[in-house]
Amino acid sequence: MNLFYEDYPTAVCVGGKDIPIITDFREIIKLTDMLRTKDLAYEEKMYLLQQYFQEPPEDFEKAVDALSDFVTMKELGRQDISDDDNCEEKEQKPQRDVYSFEIDYPFIFSAFLQDYGINIRTIPYMHWWEFRMLFSGLSEGTEIKQRIMYRSVDLSEIKDKEERKRIAKIQQAIRLPDAELTDYDIGNAFM
């Protein structure tokens, strides 16, 4: 798919049939928030998930997989692919969240206004893929990009004791509620 001359998708293909879906970025953010919440039962989530299909899919499980691929932009090759030649999976540390659409909203809002002149609160519609690409392309000087950078720093890789302390202090100040620093992270801050 080449977005220079092809439109953003507005449907997912399930069993050879295109099923129109909701594509506005705000609705997809609601979807991801809804799927993460522990306040809803599995059945409630499945019911709400059905609302994202503008016509009922025959195979709901495959439709959900297709919607997941849409959200992750799999068609554009956005999924993580290991460049390792062997088939064994690499041991990776679990990745922590580096931003939250809810918590970081003020910084995302201001970054879109600063970099693009787009008020994401009042814009009538923006396709999820367009939003994701613009979000990825925000300049490094924006507050949200700075927060993402600091949250993603692995303290164990910082050799300088004072720099490690400085970054640990910043991480603590801007940490997300779910992203508690581990004992390992805290211990490394004082080495």
Leaving out same-chain residues fewer than 8 places away, which lysines sit with a Cα under 18 Å from that of Lys169?
-> Lys145, Lys159, Lys161
FRET efficiency for Asp160 and Thr32, using Cβ-Cβ distance with R0 set to 45 Å, rounded to 0.05 = 0.75
Mind checking which lysines have their C-alpha under 18 Å from Lys74, skipping anything on the same chain fewer than 8 residues away?
-> Lys62
All lysines inside 19 Å of Lys38 as judged from Cα atoms, apart from same-chain residues fewer than 8 positions distant | Lys30
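What is the calculated FRET efficiency for Met126 to Lys45, with r their C-beta to C-beta distance and R₀ = 22 Å, to the nearest 0.05?
0.35
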Loop chymotrypsin sites (Phe, Trp or Tyr not before Pro), the stretch 1-45 (other Cβ atoms within 10 Å of the site Cβ: 15 or fewer; DSSP) | Phe4, Tyr5
Separation between the Lys17 and Tyr5 pseudo-spin-labels, each 7 Å from Cα along Cα→Cβ, expressed in nm?
-> 3.2
Per-residue HN-Hα couplings for the stretch 114-126, Karplus 6.51 cos²θ - 1.76 cosθ + 1.60 at θ = phi - 60°, whole Hz, x for Gly and Pro?
-> 5, 7, 10, x, 9, 8, 6, 7, 10, 4, x, 7, 8
Karplus 3J(HN,Hα) series, Hz, for the stretch 31-48 with 6.51 cos²θ - 1.76 cosθ + 1.60 (x for Gly, Pro) = 4, 5, 5, 4, 5, 7, 5, 9, 7, 10, 6, 3, 4, 5, 5, 5, 4, 5
Which net charge results for the neighbourhood of Gly141, defined as the other residues with beta-carbon distances under 14 angstrom from its beta-carbon, given Lys and Arg at +1 and Asp and Glu at -1?
-> -1
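Each value in this text was obtained by applying a stated rule to the coordinates, not by laboratory testing. Since this is a predicted model, take the numbers as computed values, not measurements. Cβ sites come from the backbone with ideal geometry, for glycine too, and all protein chains shown count toward neighbours.
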